[in-house]
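What follows is one structure encoded as structure tokens, with my remarks underneath.
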Amino acid sequence: MATSPVEFLAYEITKAAISEIVKPALTATFSGLRSLSTQAISAFGDRFSDYITIQAERHSRLNTIVFGHQKSIADLYIPLTLIPTRQTDEPRDADEICIDRFHTKLLPAETRVLITDTAGMGKSTLSKFLFLQSLKSAYAIPVFLELRHLSIQNTILAVIQRQLNASPISEDEPKFARRQVERIFKKGGIIVFFDGYDEVPFKDRETVTKDIKDFLEKYPNNTYVITSRPETGLLAFPTFKQYGIRPLKKDESFSLIRKYDQGSGRAEQLISKLTGRDFRAVQEFLKNPLLTSLLYRSFEYKQNVPIKKHIFYRQVFDALFDWHDSSKDGYNTREKKSGLDIDTFHRVLRIIGFVSVMKGEIEGDTDTVLGWIRKARDVCSTTTFSESDFLDDLIRAVPVFIKDGDYYRWSHKSLAEYFAAQYICTEGKTQQAQVLSAFLSAGRTTRFSNVLDQIYDIDVVAFRSHLILPMARAFVAFWNSAYRGINPEISAASIRLRKEASFDRALVVFLFNEKTFTDTETEIERALNGLPGPAINVNQSEFNLVFVDNPSKSRPRLVGIISGSYTAILGILSSKKDPLVRRREAIDLPRAKGPPAIPAGLLRYRLTDDPSAECNQPDVFDRFTHLLLDFSPAIDSDKMLAFEGSFRDSAKLSELADELLSPMLSAKPR
């Protein structure tokens with residue numbers, strides 16, 4: 001039987017790895033042990049090689065929403081570029097790393113790498129590519145773990161041990177015991193890819209974080225790569241070199257569109273439209289690999305270009321519901337075993353998406369996912385269908401889910417978030433205020449930022465009423481009380497910008513000691529203890545950390561930026577170019593040269609509005625403000641104050657109407 005290109009790619013890489021690194025490494029690890037014979041060591045080498053083969057075959061394929069089935073990573077990957085973050089100076093072009101191969105500037109130059117970015121930027125694709133390239137380059141043995149599979153029962157070592165012993169084993173063939181798996185990692189020289197930290201269910205997040213930290217401490221001689229959306233829990237890994245993914249350039253986006261096209265000619269039609277003046281609003285979406293692929297899928301279906309993210313997703317859903325195979329002429333609709341029409345199917349998915357997102361779970365076993373479907377059917381009381389038939393439709397007829405072994409998962413987390421946003425703006429409308437207020441009060445706006453981003457487009461009135469208005473009222477109170485009596489040598493414009501930049505966030509400096517570091521929240525609480533300033537609820541805050549000193553020092557200083565619930569809302573407003581937030585390029589603040597203005601003698605310090613404080617002296621005032629602006633956009637105070645005032649005026653008008661209507665409504669009819 002002929003070998004497919006995908007299978008050949010995986011086979012070729014794996015054979016190179018077996019001959020150059022896998023067996024020799026296993027032999028070196030176990031040689032000299034009296035408890036293991038030469039035959040047993042050879043068997044372990046074969047078994048580990050089988051494990052690598054299975055991993056390489058799996059990760060050489062990508063699940064795609066566009067095609068509805070797996071495609072070779074070699075067919076679809078375009079080189080993504082990493083840019084360093086969590087540093088005090090601006091990244092330079094020379095710091096960028098184009099991942100078109102196994103790049104020694106990234107690995108092994110860094111042994112602890114954290115890749116964070118927003119939805120759809122290609123984090124998992126990048127980690128799979130690096131996994132395959134580490135094999136192809138024969139640099140090290142790679143191990144790939146999808147973190148959503150970890151829990152209190154499924155620890156890192158337990159999952160790896162189970163995978164190593166997964167293939168059929170005869171009675172006389174040795175199995176990997178836990179102590180032998182531990183010995184492999186203790187020996188070192190392995191690259192461990194921890195993919196999708198943000199996909200760990202909320203209930204397991206603390207346990208999994210501790211498991212990763214313990215693993216890193218116990219086996220320090222390996223290289224580790226973590227990928228995730230921005231999450232507060234990631235600050236448990238402050239010594240990791242953090243990178244983001246540079247947005248796609250236009251030529252890269254067009255290259256990706258052509259890869260998806262496969263010669264049908266639609267790519268050139270779409271690219272021709274996108275280069276026209278009428279589609280400038282879409283340019284922002286072209287920076288994101290996932291949205292670029294959805295744009296192609298939408299155009300392939302309807303030959304038009306949607307300009308809102310949620311319209312992208314709706315057209316993709318419509319295409320998946322209606323379209324059978326893009327390689328065939330016409331639209332051959334797959335039969336739906338559930339018997340549901342397109343609108344009812346969408347409604348059921350809205351409820352499933354809401355349940356999934358609120359639980360923080362994007363996958364589950366059969367019983368779990370059937371439970372989500374059952375709950376949705378109960379909410380749709382007038383709709384009757386079989387739970388198992390609907391699940392079958394999710395995999396085959398309308399493939400928004402993927403079957404992965406014994407689990408079912410959303411084909412992409414952002415799809416679940418799209419349906420959750422739709423639910424909040426439709427079926428959940430009566431509880432909309434309660435849900436959005438809960439996001440704010442629980443300090444979880446960053447976690448749900450992709451949902452909130454779409455709500456801004458779907459129901460901007462609700463977004464302004466339930467999210468921006470509470471923020472505006474808090475800002476008015478802050479504006480009227482903060483930064484009084486500041487040194488008159490500091491200009492009014494500088495004071496104004498500091499107030500705009502410091503709303504809903506605090507800055508604290510503290511010494512970092514890796515040996516005593518437990519978790520970020522505890523360290524922040526220790527740093528704040530006894531320092532002047534208003535109380536901060538650390539459990540409802542988001543954090544950013546940046547080293548002021550070289551992390552290689554024995555006890556370097558860290559700057560912690562502590563942000564409240566409104567910071568994520570400001571981020572969404574900034575991405576939408578909403579006038580309530582100031583454009584960074586429009587801020588007239590000279591860039592200070594060198595590192596942040598944190599004097600060497602400040603070992604434990606908090607930014608306050610005390611006029612006598614170090615941070616509020618004329619020579620460093622703007623530089624501290626600049627540091628704040630590096631982590632979050634600044635409010636446009638004039639517009640935000642006017643926005644809050646307009647709601648007060650509306651409330652007065654409503655009161656006037658109630659006053660005039662009350663006698664009319666209470667009068668008895670004649």
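Side notes on the structure shown:
- Only one of the numbered conditions (1) modelled with pLDDT of 90 or more; (2) open to solvent by 20 Å² or more (accessible area, probe 1.4 Å); (3) not in a helix (DSSP H, G or I) is not met by Gly263, and that is (1).
- Matching residues, segment 374-386, being more than 21 Å from Asp318 (Cβ to Cβ), part of a helix (DSSP H, G or I) and in contact (Cβ under 8 Å) with a residue 12 or more places away in the chain: Arg374, Lys375, Arg377, Val379
- Within segment 105-142, the set of residues being among the hydrophobic types (A, V, I, L, M, F, W, C), within 17 Å of Leu216 (Cβ to Cβ) and not in a loop (DSSP other than H, G, I, E, B) comprises Val113, Leu114, Ile115.
- Some residue of segment 350-362 being out of contact with any helix residue (DSSP H, G or I) (no Cβ under 7 Å at 6 or more places or on another chain), touching a residue at least 24 places away in the same chain (Cβ under 8 Å), buried (at least 16 other Cβ atoms within 10 Å of the Cβ) and closer than 29 Å to Arg61 by Cβ: yes
- Test set (1) assigned to a helix (DSSP H, G or I); (2) in contact (Cβ under 8 Å) with a residue 40 or more places away in the chain; (3) surrounded by 18 or more Cβ atoms within 10 Å (Cβ to Cβ) - Phe185 fails condition number: (2)
- Here Gly263 meets each of (1) among the small types (Gly, Ala, Ser); (2) without any contact (Cβ under 8 Å) to a residue 24 or more places away in the chain; (3) closer than 16 Å to Asn304 by Cα with one exception, condition (3).
- Considered as a group, the residues in segment 224-239 that are in a strand (DSSP E or B) and within 13 Å of Glu110 (Cβ to Cβ) include one that is nearest to the chain's Cα centre (by Cα), and that residue is Ile226.
- When Val476, Val451, Val461 are checked against the criterion of being assigned to a helix (DSSP H, G or I), open to solvent by 60 Å² or more (accessible area, probe 1.4 Å), modelled with pLDDT of 90 or more and of a type in the set (Val, Ile, Thr), a single residue qualifies: Val461.
- Check on Ala166, more than 30 Å from Arg444 (Cβ to Cβ) and among the small types (Gly, Ala, Ser): yes
- The set of residues from segment 54-73 being surrounded by 20 or more Cβ atoms within 10 Å (Cβ to Cβ) and either assigned to a helix (DSSP H, G or I) or without any contact (Cβ under 8 Å) to a residue 12 or more places away in the chain (or both) comprises Gln55, Ala56, His59.
- Output for segment 588-622, where each listed residue is surrounded by 15 or more Cβ atoms within 10 Å (Cβ to Cβ), closer than 17 Å to Ala501 by Cα, of a type outside the set (Gly, Ala, Ser) and at pLDDT below 80: Leu589, Pro596
- Residue match in segment 143-162 (condition: assigned to a loop (DSSP other than H, G, I, E, B), touching a residue at least 60 places away in the same chain (Cβ under 8 Å), under 22 Å from Ala28 (Cβ atoms) and out of contact with any Phe, Trp or Tyr (no Cβ under 6 Å at 6 or more places or on another chain)): no
- Selected residue [closer than 27 Å to Val435 by Cα and open to solvent by 20 Å² or more (accessible area, probe 1.4 Å)] from Arg396, Arg374: Arg374
- Taking every residue in segment 301-324 that is loosely packed, with under 15 Cβ neighbours inside 10 Å and pairing it with any residue that is in a helix (DSSP H, G or I) and of a type outside the set (D, E, K, R), at least 6 positions away or on another chain, the pairs with Cβ-Cβ distances below 7 Å are Lys302/Gln315.
- In segment 387-418, residue farthest from Leu452 (Cα to Cα) [restricted to those that are of a type in the set (Phe, Trp, Tyr) and in a helix (DSSP H, G or I)]: Phe390
- Any hit, segment 277-290, residues being in contact (Cβ under 8 Å) with a residue 40 or more places away in the chain, basic (Lys, Arg) and open to solvent by less than 40 Å² (accessible area, probe 1.4 Å): no
- Glu96 being out of contact with any helix residue (DSSP H, G or I) (no Cβ under 9 Å at 6 or more places or on another chain), of a type in the set (Asp, Glu), modelled with pLDDT of 90 or more and over 18 Å from Pro238 (Cα atoms): yes
- Qualifying residue in segment 321-328 (condition: modelled with pLDDT under 95, under 24 Å from Thr118 (Cα atoms) and not in a loop (DSSP other than H, G, I, E, B)): no
The values are calculated or read from the model by the stated rules, or taken from the named source; none is laboratory data. Keep in mind that what you see is a predicted model, and the values were worked out from it rather than measured. When we count neighbours, we look across all protein chains shown, and the Cβ atoms used for this are built from the backbone with ideal geometry, even at glycine. For the accessible areas, the whole protein counts, side chains as well, though only heavy atoms, and no ligand, DNA or RNA atoms are used. Shrake-Rupley method; radii C 1.70, N 1.55, O 1.52, S 1.80 Å.
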